[in-house]
1. Cα axis of helix B:5-22 to longest principal axis of chain B: angle in degrees, 0 to 90, nearest 10?
2. In whole angstrom, how far apart do the alpha carbon centroids of the range A:1-25 and the range A:41-97 sit?
3. Step by step: find N for the protein assembly as shown, compute 2.2 N^0.38 Å, then divide the Cα radius of gyration by it. What's the final number?
4. Across peptide B:76-84, how many C-beta atoms of other chains are within 10 Å of each residue C-beta, on average?
5. Total accessible area buried between chains A and B, 1.4 Å probe, in Å² to the nearest 100?
6. Measure nothing but the geometry: give the 0 to 90° angle between the long axis through the Cα atoms of A:104-126 and the longest principal axis through the Cα atoms of chain A, rounded to 10°.
7. With an 8 Å cut-off on Cα pairs and a minimum separation of 6 or more residues, tell me the relative contact order of the range B:37-178 in percent.
8. Lys pairs in chain A, Cα-Cα under 23 Å, at least 8 apart or on separate chains: how many?
Amino acid sequence: MMKKSLALGIISGLLAGIAGVIYARLYYSINEADFSPVVSTVKIITASLFGGVLAAIGYTLLDRWLKARGEIVFNLLFTLISFITLLGPIAVRLPRNIDTPELFPGMVIPMHFFPALAWFTLKPIFIKSK
Amino acid sequence: MNKFFYPAAAVLILAGSAFTFLAAPGWQITEGYSISFSSDDAGGIFKDFKGSLLFDEQNPGAGKFDVVMDVASINTGNGLQNKHAKSDEWFDAAKYPQIHFVSKSIVRTASGYQVTGDLDMHGVKKAISFPFTFKKTALGGTFAGSFMINRNDFNIGKPGGDVGEQIKLDINVPVTKI
């Protein structure tokens, strides 16, 4: 199980990272708000990868401990944790040379859901439901 | 032609040209200036700062500062805090869009200079004094100062609360000679 969930975590994390980078570029072209000094391409990809791998570890552990209920608890926790992490971009204080901090949550908040979105989308390919 | 016209004109021209030598030289504010404030809990900068700076190191008394900050240009680094700072609870940018300082006197001190003038902020005009230094550079110079003001003196925010009443202002203004 660990091997499959880790593969899912890495691939969904990477895809979430790529989606995040594309979204950041799109956001910049629409709003002309450049947050690349704070949220670089590397940071977006590594943060998404971190989320994916963390999800893989969490999924494996919950699957072992809670058996059939593990997946339900994992799905709830993954969504809940994604929501809780939104406090980060809302509360963060950016360097004061960034002109439009009010546009920062709008760029980062969707990215916080990309790992979960990628995981739930790709999961049937990697792990069959019990 | 009145016989006093030419003598009067000569005196006027003479006096006028003399004042150009007496007046302190003007300095233009350049990019890279920083007007920041900080307290126990909050801090930020004013991005838009403009005005005229007349200052002569040899004759500081002839100098005059008349500067304006745009309240709406406040940046705390957080969008929600920016909105809060501009609201009527704090700076009330809609009603009081500018912070205006006009100097009345500039004197030399042991460590630099001291300016006294009227600070018009949040609808309250109050005389303040603060020390500053002026360091000449190859292309111009830099005015720098650091001082405290009490936000209650200007009715900014409610007394007490999480945000300290004493606000520290740090000013760093690079200039070039006009």
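1. 40
2. Rounded to whole Å, the Cα centres lie 12 Å apart.
3. 1.51
4. 5
5. 900
6. 20
7. Values: 296 pairs, mean separation 28.9, N = 142.
Taking the mean separation of contacting Cα pairs over the length of the range B:37-178, I get 20 percent.
8. So the count works out to 11.
The values are calculated or read from the model by the stated rules, or taken from the named source; none is laboratory data. As the structure is a computational prediction, the values presented were derived from the model and not from experiment. A quick note on method: Cβ atoms are made from the backbone with ideal geometry, for glycine too, and the neighbour counts reach across all protein chains shown. Ligands, DNA and RNA are excluded from the accessible area calculation, which covers all protein heavy atoms including side chains. Shrake-Rupley method; radii C 1.70, N 1.55, O 1.52, S 1.80 Å.
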